[in-house]
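Enquirer: Once you've had a glance at the structure underneath, I'll fire off some questions.
What follows draws every value from the coordinates through simple rules; no lab data is involved. All figures in this text were calculated on a predicted structure; none of them were measured in a lab. Backbone-built Cβ (ideal geometry, glycine too); neighbour counts: all protein chains shown.
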Amino acid sequence: MTTTETDRPADGPDSDTTGDAGHRTGRRVPDDAPDAFEADLLPTPKGASRALLGSLLAPHRGRVAAATAALLLQQAAAQASPLLVAYALDRVVPALRAGGRGPLVVLVTVAVLCAVAAGGLQWAFVRLSARAGQDVLLDLRGRIFRHSQALGLDFHERYTSGRLISRATTDVEALRELLEEGLQELVTVALAALYVTALLFWLDVGLGTAALLSAVPLALLVRSFQHRSQRAYLAKSTATAAVIVRFTETLNGIRPVLAFRRERANDAAFAALNSRHRRLNGDAILEMARYVVGSRAVANAALAAIVLWGAYRVATGGLALGVLAAATLYLRRLYDPLDRMGVFLNAYESAAASLEKIAGLLAQRPTVAEPTAPRALPPAAPDRPGREVAFHGVRFGYRTGGEVLPRFDLALAAGTTVAVVGATGAGKSTLARLLARFHDPTEGRVTLDGVDLRELSGAELRRAVVMVTQEAFLFSGTVADNIALGNPDADRAQIERAARAIGAHDFIVALPEGYDTDVRRRGGRLSAGQRQLVGFARALLADPAVLILDEATSSLDIPGERAVQRAMGAVLRGRTALLIAHRLSTVESADRVLVMSDGRIVEDGAPAALIADGGRYAALHRAWRTSVS
Amino acid sequence: MTTTTRSTARDERTGAVRRSAVRSLLRLWPFVRPVRARLCTAACVAVVASCLSVVVPLVLKWLVDGPVAHRDTGGVWLGGGYLLLLGVAEALLFGLRRWLVARPTAAVEAAMRDALYRHVQRLPVAFHDRWASGQLLSRATTDLQLLRLFLVFPLLFLLVNGVTIAVGGVLLLAQQWSLGLVLLAPVLPLMAMCSVFQAKYGQVARRALDQVGDLTTVVEESVLGIRIIKGFGRHRSQARAFRELARAVRTTELRKARLLAAIWGVNTLLPEVALGAALVLGTVQVADGQLSAGTLVAFLSMALALRWPVDSIGFLLAMSSAAATAADRYFEVLDEPAVEEGGPCRRTNGAAAAERERGGGGLVFEGVEFRYPDAAPDAPPALRGVDLHVRPGETMALVGATGSGKTTLTALVPRLYDPTAGRITLDGRDLATLSREEARALVAVAFEEPTLFSASVAENVLMGAADGPEADHPAVLRRALRVAQAEEFVAALPQAAATGVGEQGMSLSGGQRQRLALARAVVGRPRFLVLDDPLSALDVHTEARVEAALRDVLATTTALVVAHRPSTVLLADRVALLSGGRIAAVGTHHQLLRENAEYAALMSGGPGRGGTGRQEGEGAR
């Protein structure tokens, strides 16, 4: 159902930017190209996935080498049996018949050693390679997660959680298969090829050359398999993500799904995505089948041809019979691991496709970058609460044009509470987002006590500026955990104090397990209003110098809102606050009101003064008065 | 966030009795049944192919010993021809086996995923309240992948290798029973070890899969809650929580690897020791003249040929064990009883017809009690003894303090939950006699949280359209958008109503989402309308315009509107006050404002009596 759109608004639109939405299309992607997000094909710089794999493996070079060594020795020990048989028959039997026990002791010792080595090294190899593999996966998962968290809202609004889940789970899983099986297969194949080719050359240069020549068509086959299966796996990875996106979305919107009887329509839509996944999955598996047939046929044909040629040479006296006999046996062993090569290539291509997707994600640059040399905020003056906020010649628009906020200057004195009102689309939320540095201004600077926000480290900025939005999402965990998100170091007493201050304490203690109620477990269902209160408590606990409230009270009932307002008197004292509210009841207590219209601040002053002036605010106020009476 | 509380369904999970791996895997049969012929053929092909692999060396031996040794050129050509033929046949059989299972196993995986998706959509809302979506998702992806792999590889090769080992064992015993016994001596201890391993590995594999599910949940929440994480600069603690879980996954995976290493090591060691013992014993016997050297060589080469089948058992069992765990996890969800579809529950249609006569029209609640299925037994029900009559065409506002049960009450009307006692009638028909499908066709809802889907504006709105020939007529959409005062902002979107709204509609503002959700509710001109605080995110002007447009719709619809503010209440003809799970008062807004202190408190913010403790506390200050 999402295929109809190729070009949706690219950047964090909010209520205040829709008027310009038409100008914001195709920011990152040329207009004629299909949308990269829609197709799940973020541009990946050339060689990025290989570089990624390299950087992941580099720290574990030692362990990988040790695992390889263990495997080499293990193979040697495991392959020793034919030699032991030869030794037994040629040396031990005659010695025993002659009454000598020495060679028998040697045989027993070597046999036991080989058995122990084969078993022990197998054990060591599995452990070493698992350790290296798991460390790589841990590293990769962490990188995906950290990077995605660093990316901006604009990214997440388009990428969807389903795709990110797909990257962090199924795509990582593909790499894990490569790491778990790949090394073993690769070493076995390489070892066999090297060993057998060398022996063949030693036996007869002609036969050796012939065997080497047979590698040419095999190599071509491998190459074409690589190309084809790469394509197949890329397509499959995209299809997997599409299935996951659909699945998550249904789960997260289960109530509307049920209420609007979407089950059947969803079944059909999911079945379509799922059968596409099935087809592409089958395609990928069949590529392997095709490779196995091709390589096996080429190998067997080469074997037949070489044996024929050898036999002909034996018949004409050019080759010793024993050499041919040995060579044919070895040739068979040379071609045996071809399937395992296929297994390796398969795992490799699957992992490569996934790595490419991951590399594409990691190549996305955050639109709001961390400073390279962060500055610290000046220490807060004890006599002067809050911090001073200033917008210097700020202009904001999206890259393709379309100004949301024309150039303006604005200073918010430290410790004042400033309310912003205006109709939908006036630019209120954009103003708030600039202050919270969800976006950077196109032009000009936003400063906090004179320091440009862009020069502050993320941690410093978030200590100073906190934004509470109307989306009161709760994370799984307890109510206390959710409040503690505001300040992870807070103890229970501090959490309760914050909840009490905002009027959330009573409903929380009424929950089955009070503050320890799991928000997803029994009785943990909170109403939208209750969730907003939790969000407020979270903000209080964070104790920032600048607090931004963007429609943070929309779902509260009137007593709840009143309680919050009463609390705000105390809470906002000592902070600089920017309030965006549709309900003017919240605005009345502000020191200053800004009225915005079409991205401009059209009125600015104390609430009472603005009412007296009889402008827009006065009109809004009248309308609100009649609505509450 | 702490990680200890992540796994919401963990307690239930570990409580389940662990069935044996075989029984878990046998449950796959209904899904495997359609492809059983293909799988059996593939198994036969695998056996034939492995036989051919044995024949090729024999032909080589014959070629070298016969025609080549005798300088017989014609025979050499013949042998070469045989070799080529066999080689091509072998290649084709190898390919055939893979081709046979490729599409069918992909189909099994897809069928199981489809079944899971269908099922979770039909599970009660209470189930979804309890389960994190990451856990469900990981079942639909990682677990199913494991199951497909099991069908392709371990299932087939445990069979083929088992047969090979059995036949090989018999041949070995037949050739030289004493050496054969020595060689087969480790079989019993190995089997015992494997079964111990199987049980242990199954447990750890289970933990690993559960942890991946938890990890999935964190990733998902980190995106859905990105505004909060960014607003509070908490990506570090979020990343820490993620890292802890990822570390836990790693620890479990390493434990798996340790188990696998042990079984694999022993699986290599014991047969090697037995082989060495047989070699030493055989050598002594050869020296004593009890055995010919040729027999010993033949015996040992056969034993060597059995090595891969024996060695592979360790990881084949590990894969099977993981697959059994995945099957358990999958069926855990599939075994959850779905809500019935189609037929009415509890009462028969005949009884319903009789009741239609008796009950009045409109939306009637009679003695409705509701207790959440997972609520503690001693907790009071969320709703008790609710009696309320919304007359046909009437709009009833539902007002109550936070937590008084308003949203719960509204969830009963579209049968998202069913009352635990009492009944609800829609135009005289007992809701319980209607199928959920019918009930939801009659009732449209705008939820407190306006969740949209990542589809176009039009698709999101028309979701609520009645099924019918004119359901997706542009005029239908236009009317709905007009009622919700969304025409203007939708027209300003890059592709107007065809514009996508992003995940959960997050690329729109709260007010815009709310208006689209409202449009979705009214687009189908439903008989009954349930609106949960539908105007909370709108500014005063927009709210006034939506109210004006909504009035026309409400004039002809029986509606229940949850309201927090006087402006919303004024949409209604009458108001019901919900207090502590009961209807405390019904009347007009002005009536209640005058007569009911709690209502007055809720509507004006002044001190009131009753209600929740919070108001009392605040009021006393």
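Enquirer: From the alpha carbon gyration tensor of the range A:329-465, can you work out the equivalent ellipsoid semi-axes (sqrt of 5 times each eigenvalue) and give them in Å, largest to smallest?
Expert: On the way: eigenvalues 576, 77, 27 Å².
Semi-axis lengths for the range A:329-465 are 54, 20, 12 Å.
Enquirer: With unit charges on the beta carbons (Lys and Arg positive, Asp and Glu negative) and the dipole taken about the Cα centre of the protein assembly as shown, which residue among A:Phe37, B:Phe365, A:Gly503 sits farthest to the positive side?
Expert: A:Phe37
Enquirer: Would you mind computing, in nm to one decimal, how far apart the modelled labels at B:Asp72 and B:Glu244 are, each placed 7 Å from Cα along Cα→Cβ?
Expert: Once both label points are built, they end up 7.8 nm from each other.
Enquirer: Please sort B:187-193, A:88-94, B:551-557 by packing, taking for each peptide the average over its residues of neighbouring beta carbons within 10 angstrom, highest first.
Expert: Numbers: B:187-193: 13.3, A:88-94: 19.1, B:551-557: 15.6.
Output ranking for B:187-193, A:88-94, B:551-557: A:88-94, B:551-557, B:187-193.
Enquirer: Multiply the residue separation of A:Ser275 and A:Leu194 by 0.36 nm, subtract the distance between their alpha-carbon atoms, and state the gained length in nm to one decimal. Walk me through the numbers before you get to the answer.
Expert: Working: separation 81, 0.36 × 81 = 29.16 nm, distance 4.34 nm.
In short, 24.8 nm is gained.
Enquirer: Could I ask something else about it? Which value results for Rg/Rh of the range A:279-377 when Rg is the Cα radius of gyration and Rh the Kirkwood radius based on the inverse mean 1/r? Provide the component values of the computation, followed by the final result.
Expert: Values: Rg = 25.8 Å, Rh = 18.2 Å.
My calculation of the ratio gives 1.42.
Enquirer: How many angstrom separate the Cα center of the range A:124-150 from the Cα center of the range B:357-421?
Expert: Cα centroid to Cα centroid, the span is 51 Å.
Enquirer: Taking R0 as 30 Å, what FRET efficiency do you get between A:Glu443 and A:Ala376 from their Cβ-Cβ distance, rounded to the nearest 0.05?
Expert: Approximately 0.75, to the nearest 0.05.
Enquirer: Convex hull over the Cα atoms of the range A:225-313, averaged projected area in nm²?
Expert: Working: hull surface 27.4 nm².
Value for the range A:225-313: 6.8 nm².
Enquirer: Partner chain Cβ atoms within 10 Å, averaged over the residues of A:527-539 - can you pull that number for me?
Expert: 4
Enquirer: Let me ask you something else. Of B:Val569, A:Phe438, A:Thr188, whose Cα points farthest to the positive end of the dipole of the protein assembly as shown (charges on the beta-carbon: +1 Lys, Arg; -1 Asp, Glu; origin at the Cα centre)?
Expert: Comparing the listed Cα positions along the dipole, A:Thr188 ranks first.
Enquirer: Write down the Å³ per residue value for the convex hull defined by the alpha carbon atoms of the protein assembly as shown. Show your work: numbers first, answer last.
Expert: Values: hull volume 241.2 nm³, N = 1250.
It is 193 Å³ per residue.
Enquirer: Which number do you get for Rg(Cα) / (2.2 N^0.38 Å) in the range A:507-575? All intermediate terms of the calculation are to be shown ahead of the outcome.
Expert: On the way: Rg = 13.1 Å, N = 69, 2.2 N^0.38 = 11.0 Å.
Dividing the Cα Rg of the range A:507-575 by 2.2 N^0.38 Å gives 1.19.
Enquirer: In the protein assembly as shown, with Lys and Arg counted as +1 and Asp and Glu as -1 at Cβ, which of these residues, B:Ala192, A:Ile144, B:Met396, has the Cα nearest the positive end of the dipole, that is, farthest along it?
Expert: Checking the options against the dipole of the protein assembly as shown, the answer is B:Ala192.
Enquirer: Which whole-number percent of Cα pairs in the range A:389-628 have a distance greater than 32 Å?
Expert: Values: 6442 of 28680 pairs.
Result: 22 percent of Cα pairs exceed 32 Å.
Enquirer: Next up: What is the extension gain from A:Asp452 to A:Arg573, computed as 0.36 nm multiplied by their sequence separation minus the C-alpha to C-alpha distance, in nm to one decimal?
Expert: Values: separation 121, 0.36 × 121 = 43.56 nm, distance 2.43 nm.
Stretched out fully, the A:Asp452 to A:Arg573 stretch lengthens by 41.1 nm.
Enquirer: When the convex hull of the C-alpha atoms of chain A is computed, what volume per residue in Å³ does it have?
Expert: Dividing the Cα hull volume of chain A by its residue count gives 230 Å³.
Enquirer: What does the average come to when, for each residue of peptide B:478-491, you count the partner chain Cβ atoms lying within 10 Å of its Cβ? Each step should come with its number before you reach the end.
Expert: Numbers: counts 0, 0, 0, 0, 0, 0, 0, 1, 0, 0, 4, 6, 1, 2.
Partner Cβ neighbours, averaged per residue: 1.
Enquirer: What shape does the range B:351-620 have by the C-alpha gyration tensor, where a ≥ b ≥ c are the square roots of the eigenvalues, rounded means a/c under 1.5, and otherwise prolate means a/b greater than b/c and oblate the rest? Don't skip to the answer; put the middle values down first.
Expert: Working: a/c = 1.75, a/b = 1.28, b/c = 1.36.
Here the range B:351-620 falls in the oblate category.
Enquirer: Provide the convex hull volume over Cα atoms per residue for the range B:32-101, in Å³.
Expert: Values: hull volume 3.9 nm³, N = 70.
Normalising the Cα hull of the range B:32-101 by residue number yields 56 Å³.
Enquirer: Under 1.5 on a/c is rounded, so check that first for the range A:49-150, then, if it is not, pick prolate when a/b is larger than b/c and oblate when it is not; a ≥ b ≥ c are the square roots of the alpha carbon gyration tensor eigenvalues.
Expert: Values: a/c = 6.41, a/b = 4.57, b/c = 1.40.
Since a/c reaches 1.5 and a/b is larger than b/c, the shape of the range A:49-150 is classed as prolate.
Enquirer: In peptide A:615-623, what is the residue-averaged number of other protein chain Cβ atoms found within 10 Å of each Cβ? Walk me through the intermediate numbers first.
Expert: Details: counts 0, 0, 0, 0, 2, 3, 1, 1, 5.
Average neighbour count from other chains, rounded to a whole number: 1.
Enquirer: Would you please classify the overall shape of the range B:226-331 from the alpha carbon gyration tensor, given that a ≥ b ≥ c denote the square roots of the eigenvalues, rounded means a/c under 1.5, and beyond that prolate means a/b larger than b/c while oblate covers the rest?
Expert: On the way: a/c = 6.30, a/b = 3.75, b/c = 1.68.
Cα axes put the range B:226-331 in the prolate bin.
Enquirer: For A:Asp598 and A:Arg146, what is the calculated FRET efficiency with R₀ set at 35 Å and r taken between the beta-carbons, to the nearest 0.05? Walk me through the intermediate numbers first.
Expert: Numbers: r = 39 Å, r/R0 = 1.11.
Efficiency, from the Cβ-Cβ distance: 0.35.
Enquirer: Using only C-alpha atoms and all pairs of different ones, pull out the Kirkwood radius for the range B:432-505 in Å with one decimal.
Expert: Values: mean 1/r = 0.0740 Å⁻¹.
It is 13.5 Å.
Enquirer: Find me the longest stretch of chain B that has none of the exposed GluC sites (Glu not before Pro), where exposed means in a DSSP loop (not H, G, I, E or B) with at most 15 other Cβ atoms within 10 Å.
Expert: On the way: sites that count: B:Glu340, B:Glu341, B:Glu470.
Segment B:1-339 is the longest.
Enquirer: Next up: Give me P(r) over the range A:189-365, computed from all C-alpha to C-alpha distances, binned every 10 Å, as integer percentages.
Expert: 9, 26, 21, 16, 12, 8, 5, 2, 0
Enquirer: As an exercise, take the mean of 1/r over every pair of distinct alpha carbons in the range B:63-183, invert it, and state the Kirkwood radius in angstroms.
Expert: Over the range B:63-183, the inverse of the mean reciprocal pair distance is 19.8 Å.
Enquirer: Once R0 is set to 45 Å, what does the formula 1/(1 + (r/R0)^6) return for the Cβ-Cβ distance between B:Ser20 and A:Thr316, expressed as a FRET efficiency to the nearest 0.05?
Expert: Numbers: r = 65 Å, r/R0 = 1.44.
Plugging the Cβ-Cβ distance into 1/(1 + (r/R0)^6) gives 0.10.
Enquirer: Any idea what the alpha-carbon Rg over 2.2 N^0.38 Å comes to for chain B? Don't jump to the answer; show the numbers that get you there.
Expert: Values: Rg = 35.1 Å, N = 621, 2.2 N^0.38 = 25.3 Å.
Ratio of Cα Rg to 2.2 N^0.38 Å: 1.39.
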